[in-house]
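Written below as structure tokens is the structure these notes are about.
The values are calculated or read from the model by the stated rules, or taken from the named source; none is laboratory data. This one's a predicted model, so the numbers in the text were calculated from it and none came from an experiment. In this analysis, Cβ positions are derived from the backbone assuming ideal geometry, glycine residues included, and neighbour counts consider all displayed protein chains. Accessible surface is based on the protein model in full, side chains and every heavy atom, while ligands, DNA and RNA are left aside. Shrake-Rupley method; radii C 1.70, N 1.55, O 1.52, S 1.80 Å.
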Amino acid sequence: MEREYKVSGMSCAGCAARVEKCVAALAGVHEVQVDLLGKAMRVRGEGFSEEELAAALRRMGFGVEAVEPEAEEPPAAAAEEPAGRRALVSLLLLVPLVAVHWALHGEAAGAWAQLALVLPIMWLNRAFFVRGLGALLHGGPSMDTLVAMGAGVALGDGVVHLALGAPGAVYFESAGMILAFVSIGKWLEQRATQRTGRALESLAKLLPDTATLLRDGREEEVPAARLRAGDCVLVRPGARVPADGVVVQGASAVDEAVLTGESVPVDKAAGARVYAGTLNHHGALSIRVACAPSEYAMAGVIRLVRRAVAEKAPVARLADCLAAYFVPAVLVLACAVAAGWVAAGAGWDFALARGVAVLVISCPCALGLATPVAIMVGAGRGAEAGILFRTGAALESAGRVSCVVLDKTGTLTAGELSVVEALPRGITREELLQWAAALESGANHPLAKAIRRAGGEALPASGHVEEPGRGVRALVQGLPCLAGNAAFLRENGVLVQEDEALLDKGMTLVHVARAGEWLGTLALADSPRPTSAAAVQRLRALGLRVLMLTGDRARTAQAVAARVGGVDEVHAEALPADKEALVRRLQGAGERVAMVGDGVNDAPALARADVGVAIGAGVDVAIESAGVILMRSDPLDIARAVELSRAIMRKIRQNLFLALVYNLMAIPLAAGALYPLCGLLLPPAVAAAAMGLSSVSVVTNALRLRRIRLD
């Protein structure tokens, strides 16, 4: 069976990892997915006890409540806590704290001033102590435990020395540095998790709030959420369809780009299927609702995005795994150092100073800064070039991808129809465009708009009659004229011939006739962007497979792929669920997948991919589902994002090496390993300074990313 639960008390990725580990260990549980964003947990298994599950989580300090399936709703983004303000205030207080320490070291006035400055930092970051000590009491020490103990012991020992009249032995600044630096990392993690929830809000906003219900010949405005299967609703021109259903009366063209991503509206008549959230263009439609809101195609997209986001590994999972070994080892080492010196005959004050020095100097500030500082600098450099990395996890994944899946419309192509060829018969090209523009002057269809843009100043026309999906008739300069597909003109006695070569290129053909005479043909298409071909070649040069994925017709997709060149595979006529399934299949085959798209229809695949890339302005849901946003609508920025990510990851590895070498060298010094040989000691204050210097080296190395070229 599969059940969903609301879990309260989770505040960070470490909490989510502890919940998952606890539940996974229960008998009968096969799979656990913890959604930190939605404070939810999905459990799959057979025969597990819900009472035992709840009891196990409550023993660890988490609340749990079962959720009924029909009550499932997309979670709103969690209210943002003032984490950024807390980190900023901590840093502002840290600056004078360190200044006072170095300017008035050893003086009582300076020591009291340091205490006055560090106490607000401790209070602002008290959550570290609550979480860290709570984790320790439940047998699962985390990085928060080490932070809390390092800062707490540093503060406590300083207070004792101050009370004993030894102001030169206080090191309050180390406690402040620990908390201020680590709070920045926690803030970055919180922003990464909270922003993903906005994708679900954007999806829900696409569905109209109200619907026009037809009942006994009357129109009644009702909340769209109250619609049920069998209801009949009216959808006026320019309105969004409120429910999935079947057209029972009327004809129109419906823009289904929110689901298919394609720019050409689909003609609808009686018997045609329509979907909630799609946009009706020019004709009124009466629709019979086919299902409940929870079964809408858009609701399925919401569920896909929600599950894909929930299944992603938390940003800090690796750090928490390391903490399972690193934190206990440091705690044991610090106690062993203090006990060893006591056993060797040293005084308690000397031994405590050595243990505290080990705690302070081994606090993972440099390790913690190695990744976020490089990410911040690299992300800033990317922003200057119009490449926005929304999370550190997305930046890391972008450099590791082995396969890039490109949406066609709006990514490789401009997403807008244009006249690419004009084939006149007996008149000039300009005259053909003018007559066509006159015929289309009264229509709002994307084909008509493209023709009007190409036609310039139209001839005078009147009496427009549009037949959706077929064509339009009107009087132009007093002569009866037609524009439309071949079947429409043939039915009206005009002999036309289709150009198969143009059809094979995936173009849409509009034929024009005047007084029964065929004047020529216009070929319209969504053309590739100018840099699409170069982008595909650059991606291949980086060693990546390139796939094209679209909801458009196979013939059109193949034509675009041929014009771009270098595409390894083409997948056409794909709905949102198909796109997400393809990404999942690629991942199952061992590929690390980057999905590039710009529409709602791409949202599930963007969320499922190892890294989602939203190109151009896009729509809100695509932007919120993606980890990388390309502001310039330039496909070359896809390759630039991969190159930048790889450069940043190289810098992160260098930073981690520097931080690890620092710890390997500094911990023995802090423990007093060289004291018996040459009398060299590392006091806690110096240990705090050394910790700060290690952070400076990491930051300085990361700042070199500002000079990276993105051509």
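In the stretch 545-572, how many are at pLDDT 85 or above, in a loop (DSSP other than H, G, I, E, B) and of a type outside the set (A, V, I, L, M, F, W, C)?
Selection size over the stretch 545-572: 4.
Exactly one condition in (1) within 19 Å of I427 (Cβ to Cβ); (2) open to solvent by 10 Å² or more (accessible area, probe 1.4 Å) is not met by R529; state its number.
The single condition R529 does not satisfy is (1).
Within the stretch 493-506, which residues are surrounded by 14 or more Cβ atoms within 10 Å (Cβ to Cβ) and of a type outside the set (G, A, S)?
The answer is V494, V496, D499, L502, L503, K505.
Out of A339, A310, which single residue is part of a helix (DSSP H, G or I) and either on the phi > 0 side of the Ramachandran plot or at pLDDT 90 or above (or both)?
A339
Considering only the stretch 284-294, I want to know if a residue exists there that is of a type in the set (A, V, I, L, M) and modelled with pLDDT under 85.
No, the stretch 284-294 contains no residue that is of a type in the set (A, V, I, L, M) and modelled with pLDDT under 85.
Taking the stretch 573-585, which residues are part of a loop (DSSP other than H, G, I, E, B) and crowded, with 20+ Cβ neighbours inside 10 Å?
Once the filter is applied, which keeps residues that are part of a loop (DSSP other than H, G, I, E, B) and crowded, with 20+ Cβ neighbours inside 10 Å, the stretch 573-585 yields only A574.
Mind checking which residues of the stretch 159-181 are more than 18 Å from L93 (Cα to Cα) and not aliphatic (A, V, I, L, M)?
Within the stretch 159-181, H161, G165, P167, G168 meet the criteria.
Filter the stretch 344-357 for residues that are more than 55 Å from the chain's Cα centre (by Cα) and of a type in the set (A, V, I, L, M); which is nearest to Y171 (Cα to Cα)?
This residue is A346.
Which number in (1) open to solvent by 10 Å² or more (accessible area, probe 1.4 Å); (2) closer than 30 Å to L630 by Cα marks the one condition that L412 misses?
(1)
Consider G588 carefully, then state whether it is under 30 Å from L459 (Cα atoms), small (G, A, S) and surrounded by fewer than 21 Cβ atoms within 10 Å (Cβ to Cβ).
No.
Run R453 past the list (1) closer than 17 Å to L509 by Cβ; (2) within 38 Å of the chain's Cα centre (by Cα) and report the number of the one that doesn't hold.
(1)
Say whether the condition of being among the acidic types (D, E), more than 12 Å from V401 (Cα to Cα) and in contact (Cβ under 8 Å) with a residue 12 or more places away in the chain is met by at least one residue in the stretch 582-597.
Scanning the stretch 582-597 turns up no residue that is among the acidic types (D, E), more than 12 Å from V401 (Cα to Cα) and in contact (Cβ under 8 Å) with a residue 12 or more places away in the chain.
All but one of (1) out of contact with any helix residue (DSSP H, G or I) (no Cβ under 7 Å at 6 or more places or on another chain); (2) at pLDDT below 85; (3) open to solvent by less than 20 Å² (accessible area, probe 1.4 Å) hold for G45; which doesn't?
Exception for G45: condition (2).
Looking only at residues that are assigned to a loop (DSSP other than H, G, I, E, B) and among the charged types (D, E, K, R) in the stretch 469-511, which one is nearest to E440 (Cα to Cα)?
R470
Only one residue in A135, A166 is at pLDDT 75 or above and small (G, A, S), so which one is that?
Matching residue, one of A135, A166: A166.
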